[in-house]
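Taking it in order: structure first as structure tokens, then the write-up.
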Amino acid sequence: MKTLGDLETGERCVVSAVNTKGSMRRRFRDIGLIENTVVECVGESPSGNPKAFLIRGAVIAIRTEDCREILVSEG
């Protein structure tokens, strides 16, 4: 299954599952990164970590290791 970290700039997806626990799960929930949310990759740093995502009207940078815990589907 594809993860949020697999998105290329300009690509959109829908969140299928958030497989984190504790404070990171709460942070994702606070920014609106929950199941069935449409997310677009809007850019990445020169090193590729972190990537920037458009989530519910806000641009949020997420580290690669955290992106691996978010499963997505075509959107």
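The values are calculated or read from the model by the stated rules, or taken from the named source; none is laboratory data. What you see is a predicted model; the values in this text were computed from it and never measured. As a convention, Cβ positions derive from the backbone with ideal geometry for all residues, glycine included, and neighbour counts pool all protein chains shown. All accessible areas refer to the heavy atoms of the entire protein, side chains included, with ligands and DNA or RNA removed. Shrake-Rupley method; radii C 1.70, N 1.55, O 1.52, S 1.80 Å.
Note down the relative contact order for the chain as a percent, whole number, built from C-alpha pairs under 8 angstrom at least six residues apart.
44
Quick check for you: with a 1.4 Å probe and neighbouring chains kept, what is the accessible area per residue of the chain, in Å²? Can you show the working numbers first?
Values: 4360 Å² over 75 residues.
That works out to 58 Å² for each residue.
Take Ser73, project a point 7 Å from its Cα along the Cβ direction, then tell me which residues of region 28-48 have their backbone nitrogen under 19 Å from it.
Hits in region 28-48 for Ser73 at 19 Å: 33-41.
Determine Rg/Rh for the chain; Rg is computed over alpha-carbon atoms and Rh is the Kirkwood hydrodynamic estimate from the same atoms.
0.91
For the chain, with only Lys/Arg (+1) and Asp/Glu (-1) charged at the beta-carbon, what is the dipole magnitude about the Cα centre, in debye rounded to 20? Present the calculation step by step, with values, prior to reporting the outcome.
Working: 11 positive and 11 negative charges, 77 e Å.
My answer is approximately 380 debye.
Around Cys13, with a cut-off of 11 angstrom between Cβ atoms, what is the net charge of the other residues, counting Lys and Arg +1 and Asp and Glu -1?
Local charge sum for Cys13: -3.
Show that you can apply the helix-only estimate: for the chain, add -39,500 (n - 2.57) for every DSSP H stretch of four or more residues, divide by all residues, and state [θ] at 222 nm to the nearest 500.
Calculated at 222 nm, the ellipticity per residue is -4000 deg cm²/dmol.
For the chain, which whole percent of the accessible surface, found with a 1.4 angstrom probe, sits on carbon and sulfur atoms?
That fraction is 48 percent.
Once the other residues with Cβ under 11 Å from the Cβ of Ser45 are scored (Lys, Arg +1; Asp, Glu -1), what is the net sum?
Net of charged neighbours comes to +1.
Quick one: net charge of Asn36's neighbours, Cβ under 14 Å, K/R +1, D/E -1?
Once all neighbours under 14 Å are counted, the net charge is +1.
So what are the ³J(HN,Hα) numbers for region 26-41, from phi and the Karplus equation (6.51, -1.76, 1.60; θ = phi - 60°), rounded to whole Hz, Gly and Pro as x?
Along region 26-41, the couplings run 5, 4, 4, 4, 4, 8, x, 8, 10, 4, 6, 8, 7, 10, 10, 7 Hz.
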